[in-house]
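The values are calculated or read from the model by the stated rules, or taken from the named source; none is laboratory data. Keep in mind that what you see is a predicted model, and the values were worked out from it rather than measured. All Cβ positions, glycine included, derive from the backbone under ideal geometry; neighbour counts span all protein chains shown. Only protein heavy atoms, including side chains, enter the accessible area calculation; ligands, DNA and RNA are left aside. Shrake-Rupley method; radii C 1.70, N 1.55, O 1.52, S 1.80 Å.
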Amino acid sequence: MSRIVNGGNSQPRWLFPFVLIVIFMLSLLPLGRLAATGIASAFKGGARDIITDPALWQSVYYTLTTSFFGMLAAIVLGGGFALLLTLFDLRGKTLLGFLFMLPTMIPPQVTALAWIGMTGPSSTLLKAVGLAPPLGSPQPLYSVGGIALLYGVQHAPLVYLALRAGLLALPRDAVEAARLSGASSWRVLIDIILPLSLPGLAAGAAIAFVSGVGNFGIPAILGIPASIYTLPTLIYAKFAAFGPGTFADVSLLSGLIALMAVIGLAVEERVLLGRDYRVIGLSGQVAVFTLKGWRWLAEILLWVTLFVILAMPLMALVASSLAPAYGVPLTPKTVTFHAYDEILFRQSITRVAFTNSIGLSLATAIGLLVISVLVGYFLVRSKSRLVPLIAAVAEIPYALPGVVTAVAFILVFAAPIPVLGFSIYGTIWIILIAYFSHFFAVGLKPVVSAFRQIDPSLEEAARLSGAGFARRMIDITVPLVGPAAGASVILVFLIACNELTVSALLWSAGTQTLGVAIYNLDDSGSFNLAAALSVLVVIMVIVMMLVLELLANRLPKGVVPWRS
């Protein structure tokens, strides 16, 4: 985040200490505690025990292979959609982009359940159309390839967003100059556009790889039944078999996950090292190539791809939720809404999960709104040299896998809080604080973007007229950043409501969230109940995305991810 300097210092004295306390509580304290525990365990010999454990290296192998091949699949899918939707004269680009973003907004465990319902011998959908494999056939998704494939589907929108942002920044002048020199569209694409878009592609690939390393929902659903443990699911298994050395072991494993994430991002820097990608000219006016007679073929390709990776899994999920039990063929006679009746009116656990997830998400979204407005104001208006460092530290928890955040907060709050003398471990409060930390960057970015668009002279004029900080915030600042702040509330609520990785390690009896409830229902064999709950979650996701889409024209550029 770059700093914008204004003409005067009009901040109250308490704002800087407030920002430091927020950054310390949400970032420095949990991550520092995690690092200290890992280092202490290493000096006591814990590192030797972990390193000599064959299960660790098997998990490292599975983590790296699934993440790498998932990244390749994401590059093919996301890169293809970004190039076609950004550079060519296709119809329905907005709708195609919106639908392509859905997989990354849907919780990973729901994605895994939907694909299980679409494939294998017990698929309700395949049985309904008479295409199900014979009973006893293996489920193909319970494999390294299955996990990597779903990583690719889940993370392809991240590559799409990164590459599309790079393509939109390319100057139209360079393309037109090449055309005037006689270059064909193909040569312009190969010699100019693709080389200059490499930074966006590399960034998207790195994000996809890091997201795969930290993904818990997909390997938990697909990997554990086949004894394929990635590092996040290995940490989950160690917590399930809790012992005296659990905290030391998981702190070391979390450090290893964080190290992999850092290496993945460093590789991206290495790929781009020594190359100059600066461009001259007016950006934001991307060249559009005409496909002429090939346009209908490209459109069909994109719609068929969306049908396979999005529509068919969701249809299978709905079919599974309407079947009386997993594996029972869906016919007009067997259709039932029993699963919905069960999860909405009979199962107290799912009602508790709905209440907890919605309550936690609302509290996180509203709480972060207040914090983000104050911290965002400081980051944009302050002249302090610490601003870049504070902005970077604020983003670290979201950049790390959720399992690392969860372990860090367990280490902080496992013992009673000093002075107060009680512990919040095992309560819903530890989940709430972990959400604050993990989603802080999500709430902060839109607000900072909005502050950058406000002319400081407005506030300065009010200050010279005698208006205090509170009055300026109420009358000038808050109304101007209101749309972006509203978008940040919806984004945080949307992501937090579907979260599984953080809450999977922090929940206890009575504090289940929706993500945990879906995972537990599937783990206990109630696939149709898990499918019904997943369908409701998908509907909620789509409704929230539509609300953001309706607000998109009033928001700063980049706030709505699929509109960037």
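Out of Met540, Met544, I need the residue that is open to solvent by 30 Å² or more (accessible area, probe 1.4 Å), under 19 Å from Val352 (Cβ atoms) and in contact with a helix residue (DSSP H, G or I) (Cβ under 9 Å, 6 or more places away or on another chain). Which one?
On the way: Met544 fails: under 19 Å from Val352 (Cβ atoms).
Exactly one of Met540, Met544 is open to solvent by 30 Å² or more (accessible area, probe 1.4 Å), under 19 Å from Val352 (Cβ atoms) and in contact with a helix residue (DSSP H, G or I) (Cβ under 9 Å, 6 or more places away or on another chain), namely Met540.
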Taking the range 312-359 as the search range and keeping residues that are closer than 18 Å to Leu125 by Cβ and of a type in the set (S, T, N, Q), which one is surrounded by the most Cβ atoms within 10 Å (Cβ to Cβ)? Ser320
Among the residues in the range 238-247, are any closer than 30 Å to Lys44 by Cβ, among the aromatic types (Phe, Trp, Tyr) and touching a residue at least 60 places away in the same chain (Cβ under 8 Å)? yes
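Take the residues in the range 227-236 that are open to solvent by less than 40 Å² (accessible area, probe 1.4 Å) and out of contact with any Ser or Thr (no Cβ under 6 Å at 6 or more places or on another chain), then tell me which one is farthest from Leu506 (Cα to Cα).
From the range 227-236, those open to solvent by less than 40 Å² (accessible area, probe 1.4 Å) are 228, 230-235; that's our starting set.
Those left that are additionally out of contact with any Ser or Thr (no Cβ under 6 Å at 6 or more places or on another chain): 228, 232-233, 235.
Numbers: Ile228: 23, Pro232: 14, Thr233: 14, Ile235: 12 Å.
Per the criteria, the residue is Ile228.
Which members of the range 354-402 meet the condition of being over 30 Å from Val537 (Cα atoms) and in contact with a His (Cβ under 7 Å, 6 or more places away or on another chain)? Reasoning before the result, please.
First, pick out the residues of the range 354-402 that are over 30 Å from Val537 (Cα atoms): 374-393.
If the condition is that a residue be over 30 Å from Val537 (Cα atoms) and in contact with a His (Cβ under 7 Å, 6 or more places away or on another chain), then no residue fits.
Residue-by-condition table, conditions (1) part of a helix (DSSP H, G or I); (2) modelled with pLDDT of 90 or more:
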{"site": "Phe68", "(1), (2)": "yes, yes"}
{"site": "Met71", "(1), (2)": "yes, yes"}
{"site": "Leu77", "(1), (2)": "yes, yes"}
{"site": "Phe81", "(1), (2)": "yes, yes"}
{"site": "Thr86", "(1), (2)": "yes, no"}
{"site": "Arg91", "(1), (2)": "no, no"}
{"site": "Phe98", "(1), (2)": "yes, no"}
{"site": "Met101", "(1), (2)": "yes, no"}
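Given the criteria modelled with pLDDT under 80, under 26 Å from the mean Cα position of the chain (by Cα), closer than 30 Å to Glu549 by Cβ and surrounded by fewer than 20 Cβ atoms within 10 Å (Cβ to Cβ), does Ala399 qualify?
Details: modelled with pLDDT under 80: yes; under 26 Å from the mean Cα position of the chain (by Cα): yes; closer than 30 Å to Glu549 by Cβ: yes; surrounded by fewer than 20 Cβ atoms within 10 Å (Cβ to Cβ): yes.
Yes.
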From the list Ala408, Ala391, which residue is at pLDDT 85 or above, open to solvent by less than 30 Å² (accessible area, probe 1.4 Å) and of a type outside the set (Phe, Trp, Tyr)? Ala408
Can you pull out the residues in the range 99-114 that are more than 15 Å from the chain's Cα centre (by Cα) and either open to solvent by 20 Å² or more (accessible area, probe 1.4 Å) or among the charged types (D, E, K, R) (or both)? Leu99
With respect to Leu26, is the statement that it is open to solvent by 60 Å² or more (accessible area, probe 1.4 Å), modelled with pLDDT of 90 or more, part of a helix (DSSP H, G or I) and not hydroxyl-bearing (Ser, Thr, Tyr) true? no
Across (1) over 30 Å from Ala414 (Cα atoms); (2) open to solvent by 10 Å² or more (accessible area, probe 1.4 Å); (3) in a helix (DSSP H, G or I), Val489 clears everything bar (1)
In the range 36-60, residues that are closer than 30 Å to Ile433 by Cβ, part of a helix (DSSP H, G or I) and modelled with pLDDT under 85 total 10
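Would you mind listing the helices (runs of 4 or more DSSP H) fully within the range 432-486 where at least 2 residues are open to solvent by less than 30 Å² (accessible area, probe 1.4 Å) and of a type in the set (A, V, I, L, M, F, W, C)? Walk me through it before giving the result.
On the way: elements: 440-452, 456-464, 469-472.
The helices (runs of 4 or more DSSP H) meeting that bar are 440-452.
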Does the range 237-256 contain at least one residue that is under 25 Å from Ala114 (Cβ atoms), of a type in the set (Phe, Trp, Tyr), open to solvent by less than 50 Å² (accessible area, probe 1.4 Å) and under 27 Å from the mean Cα position of the chain (by Cα)? no
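Checking the condition without any contact (Cβ under 8 Å) to a residue 24 or more places away in the chain and open to solvent by 10 Å² or more (accessible area, probe 1.4 Å), which residue from Leu369, Leu386, Leu362 passes?
Leu386 is the lone residue from the list that is without any contact (Cβ under 8 Å) to a residue 24 or more places away in the chain and open to solvent by 10 Å² or more (accessible area, probe 1.4 Å).
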Within the range 500-524, track down each residue that is part of a loop (DSSP other than H, G, I, E, B), open to solvent by 20 Å² or more (accessible area, probe 1.4 Å) and in contact with a Gly (Cβ under 6 Å, 6 or more places away or on another chain). Ser508
